[in-house]
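Okay, so here's the structure we're looking at.
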Amino acid sequence: MTKTTLAGKQVVIGVTGSIAAVELVKLIHELRRRGAGVRVVMSTAAAGIVTPDALAYASGQEVITRITGLVEHVTFCGDEGSADLLLIAPCTANTLSKIACGIDDTPVTTFATTALGSRMPVILVPAMHHSMYRHPALVENIRRLKGWGVEVMEPRIEEGKAKMPTQEEIVLWCERAASGRPLAGKRVLITSGPCREVVDDVRVLTTRSSGQMGRALAREAFRLGADVTVVHRDRFPCVTNLAADTALEMRDSVIGFLNGQGATDIYISAAAISDFAPAPVPGKIPSGNPATIALEPLPKLITEVVTQFHPFTIAFKIDRSPETGARALLELGVAMVLMNRPETMGSTYGEYVLLDAQGSTILTGEKEEIAHGIFSKLTGIPDPVHEPQRD
């Protein structure tokens, strides 16, 4: 899956004179691993930091360092240009402000002028000292560019510098821009990972869930243009993260979000939400002797969400018999149920039966492939990996 998210797409990378340009070889390799064709255009200042030969080696293509009579900016970024996306990374304060003001005096700004005129997706990845990033003119220019539909990524503020985001984040934004954004304007709410119920001051009751499925679903929804919120214990890139450790905290976060937003378009219950909770014991249960822990059943969050807010709901269930709990979820109003075995929890690979009103579909593969299959069915985008098997 990771090798095909940008299959058939051409990404033009504009490189400007920030020291962060030394990171471009790895970024170009990662884009190519995901199937993208990459062409590089560099400013003179950038070529003084990383050599064109290094980026030519990484991209497998000659690097553009000047605009010639072949009008390269039009060939790639014009109205009939072959590129799908212009990514300027790193983007200096100078280049960002030139683009915002229509100044066109380097190969990179010439590409940007052309791409903006042809309404091609453009992503800018700022990299500079933090004081430069706070300059009032730069702040206003970023606001102006965003108003034109340009994506300006938020930098990492570290050591007095506004650094480029992680490679993972940059690649996700490229995938999002190149996808056509079929879920643009849609809100997706995902619960992910395990819950941990307190037993005593040192012990918890939990499951083997790792949150890998939730992460894959969040990434895929983001790629497709959705506004994604994830309720879980960890932090995922490029989405809104709401922290939750216990089933009660997860319930409060989900219901609070839904009440605050008015609803969500898609709700995906991928978390292994606790079915039971012990009464916490103060201190530590002494070791060496048998101990009894009373477990009280917890209410089903998915029931509350479906009956009160009525989103398009996708549920996951440890169940291989469609005549049991999965059918009950469909009768409740859940649109899709993904049934799997316990050994799927914590594994990078899974085998699922997707059950909906039309029948069942077998989904197998890495969890990123499973997430792609689910959203392919949801959006109608062809999924070459999984062919439907109807009842």
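Taking the Cβ of residue 138 as the center, what net charge do the other residues with Cβ under 14 Å away carry, scoring Lys and Arg +1 and Asp and Glu -1?
Values: positive: 98, 134, 143, 144, 146; negative: 140, 154.
Within the 14 Å Cβ shell, the charges total +3.
Please get the size of the charge dipole for region 10-178, origin at its Cα centre, with Cβ charges of +1 on Lys and Arg and -1 on Asp and Glu, quoted in debye to the nearest 20.
Working: 16 positive and 18 negative charges, 54 e Å.
Charge dipole, region 10-178, about its Cα centre: 260 debye, nearest 20.
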Under 13 Å by backbone N from the virtual spin label 7 Å along Cα-to-Cβ at residue 22, the residues of region 36-70 are 49-51
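Quickly rank 125-133, 143-151, 191-199 as a protection proxy: mean count of other C-beta atoms within 10 Å, highest first. Can you show the working numbers first?
Working: 125-133: 19.4, 143-151: 14.1, 191-199: 22.9.
The packing order, highest mean first, is 191-199, 125-133, 143-151.
Taking a 24 Å limit on the Cα-Cα distance, which of the listed pairs 98/146; 161/367; 300/377; 9/377 fall beyond it? Don't skip to the answer; put the middle values down first.
Details: 98/146 14 Å; 161/367 36 Å; 300/377 26 Å; 9/377 22 Å.
Pairs exceeding 24 Å: 161/367; 300/377.
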In nanometres, what is the gap between the two model label sites at residue 105 and residue 70, each 7 Å from Cα along Cα-to-Cβ?
2.7
Part-to-part distance (alpha-carbon centres) for region 27-102 and region 106-165, which is given in Å
15
Region 35-135 shape via C-alpha gyration tensor axes, a/c threshold 1.5:
oblate
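With a ≥ b ≥ c taken as the square roots of the eigenvalues of the C-alpha gyration tensor of region 101-179, please select rounded if a/c is under 1.5 and otherwise prolate if a/b is larger than b/c or oblate if it is not?
On the way: a/c = 1.91, a/b = 1.20, b/c = 1.59.
Since a/c reaches 1.5 but b/c is at least a/b, the shape of region 101-179 is classed as oblate.
Work out, step by step, the length gained on full extension between residue 134 and residue 248: first 0.36 nm times the residue separation, then minus their alpha carbon distance; give nm to one decimal.
On the way: separation 114, 0.36 × 114 = 41.04 nm, distance 4.03 nm.
Gain on stretching residue 134 to residue 248: 37.0 nm.
Just order 111-124, 157-170 by mean Cβ neighbour count inside 10 Å, highest at the front, would you? Spell out each step's value before the answer.
Values: 111-124: 21.1, 157-170: 15.6.
Put in order of decreasing packing, that is 111-124, 157-170.
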Mark the label point 7 Å from the Cα of residue 276 along Cα→Cβ and return the residues of region 284-326 whose backbone N is within less than 15 Å of it.
291-299
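Order 64-76, 350-362, 203-215 from most to least packed using the mean count of other Cβ atoms within 10 Å.
Details: 64-76: 15.4, 350-362: 17.1, 203-215: 19.8.
Per-residue mean Cβ counts within 10 Å order the peptides as 203-215, 350-362, 64-76.
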How far apart, in nm, are two points set 7 Å out from the Cα along the Cα-to-Cβ line at residue 80 and at residue 356?
3.9
Give the distance, in whole Å, between the Cα centre of region 200-250 and the Cα centre of region 319-365.
20
Rounded, prolate or oblate: which one fits region 10-178, using the alpha carbon gyration tensor with axes a ≥ b ≥ c (rounded when a/c is under 1.5, else prolate when a/b beats b/c, else oblate)?
rounded
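Each reported figure results from applying straightforward, stated rules to the coordinates on display, with no laboratory input. Predicted, not measured: the structure shown is a model, and the values here were computed from it. Reconstructed Cβ throughout: ideal geometry from the backbone, glycine too, with neighbour counts over all protein chains shown.
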